[in-house]
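Each remark here refers to the structure printed beneath this line.
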Amino acid sequence: MEFNLNKDIVFFDLEATGLSVIRDRIVQIALVKYLNGGGEPIEKTLLINPGIPISQEAMSVHGITPKDVANKPTFAQVAGELYDFIGDSDLGGYNSNRFDIPMLMEEFARVGIVLDISNRKLVDVQRIFYKMEPRTLRAALKFYCDKELVDAHDALADVRATVDVLKGQLERYKDVDLVDEDGNVTPTPVKNDMKALHDFVNDLRFLEPTQKLKMNSDGEIVFSFGKYNNQPVKDVFKKDPNYHNWIQKMEFSTLMKQIVKRIYKEIND
């Protein structure tokens, strides 16, 4: 299949020293450029010396070690080449809107180059997946039970459908291990035991792309870094209000600053 293009598009993926789009750095970038005029796509792959340590967690995922990048160019040395390759192309990737594009923008900004996305189309393939494979009760009932949801949004009908879905899940996943994208195995996490199900579904959810805030098991927003790691934001601000001012002055994501500002305002109103 040929893409229907009215301008070039560059699909790309980054490997980095960690998960922070602000503080971490790129160690590898791969780009595939599809041209508006057709023809074979153009590929480019670069290893990059990040100039900072690569976290053990990151190395366990992508396998790129300090030795692999020790003699490679820095981002500053390849920024012009990358910027020219991208040109005015649209951009695409997998989870690229939340990770790859923000991180690439930060790297360009450090060397005085503005990667303006205001006139680019951004095609995040992960979002297409999530939107086209809905996680609604109706879809779940059809998938697990091969039933149609009658009287949707009638409370009792929805509860009955929910129970049917759970029974279908318990049957379908009775002897099934969970294998994540890194190959880590969780033996039969879906079992007919409410505590096991609770532990499985109540994972910690990060609230912004730099992963500095998350929800704990009690539904509280907590910090996920620094001296107040895992402590509720509201409790921290009550005992150390200057921490809010420090966050607002430092290089944290705009979304993080907005969330903590709202919490700070709530406890001081």
Out of the residues in the range 62-97 that are surrounded by fewer than 19 Cβ atoms within 10 Å (Cβ to Cβ) and at pLDDT below 95, state the one that is farthest from K33 (Cα to Cα).
G63
Flagged pairs (Cβ under 7 angstrom, 6 or more apart or on separate chains; first in the range 142-157, closer than 19 Å to R172 by Cα; second assigned to a helix (DSSP H, G or I) and β-branched (V, I, T)) are Y144/V165; C145/V165
Being in the same structural domain as I29 (by TED's automatic domain parsing), closer than 18 Å to T45 by Cβ and under 21 Å from the mean Cα position of the chain (by Cα) is the requirement here; does V123 meet it?
no
Matching residues in the range 31-61 (surrounded by 15 or more Cβ atoms within 10 Å (Cβ to Cβ) and among the small types (G, A, S)) number 2
Out of everything in the range 113-133 that is of a type outside the set (A, V, I, L, M) and touching a residue at least 24 places away in the same chain (Cβ under 8 Å), what residue ends up being surrounded by the fewest Cβ atoms within 10 Å (Cβ to Cβ)?
N119
Screening K7, K44 for residues that are of a type in the set (K, R), closer than 23 Å to R120 by Cβ and in a loop (DSSP other than H, G, I, E, B) leaves only K7
Within the range 164-188, which residues are within 23 Å of the chain's Cα centre (by Cα), surrounded by 13 or more Cβ atoms within 10 Å (Cβ to Cβ) and in a loop (DSSP other than H, G, I, E, B)?
none
Out of the range 10-29, which residues are assigned to a strand (DSSP E or B) and hydrophobic (A, V, I, L, M, F, W, C)?
V10, F11, F12, L14, A16, I26, V27, I29
Picking from K174, K214, K167, K227, which residue would you name as being out of contact with any Leu (no Cβ under 8 Å at 6 or more places or on another chain), modelled with pLDDT of 85 or more and in the same structural domain as Q258 (by TED's automatic domain parsing)?
K227
Would you be able to say whether some residue in the range 1-17 is free of Cβ contacts under 8 Å to residues at least 40 places away in the same chain and within 22 Å of the chain's Cα centre (by Cα)?
no
Condition broken by V32, with the remaining ones in (1) within 23 Å of L5 (Cα to Cα); (2) of a type in the set (A, V, I, L, M); (3) part of a helix (DSSP H, G or I) satisfied:
(3)
Can we say E107 is assigned to a helix (DSSP H, G or I), over 17 Å from T17 (Cβ atoms) and charged (D, E, K, R)?
no
Restricting attention to the range 141-163, and to residues there that are out of contact with any Leu (no Cβ under 9 Å at 6 or more places or on another chain) and in a helix (DSSP H, G or I), which single residue is surrounded by the most Cβ atoms within 10 Å (Cβ to Cβ)?
C145
Among D203, D100, D116, the single one that is at pLDDT 85 or above, under 30 Å from F252 (Cβ atoms), under 19 Å from the mean Cα position of the chain (by Cα) and among the acidic types (D, E) is D100
What is the one condition in (1) closer than 24 Å to M256 by Cβ; (2) assigned to a helix (DSSP H, G or I) that K67 does not satisfy?
(1)
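The values are calculated or read from the model by the stated rules, or taken from the named source; none is laboratory data. Note that this is a predicted model, so its numbers are computed, not measured. Cβ: placed from backbone, ideal geometry, glycine included. Neighbour counts: every protein chain shown.
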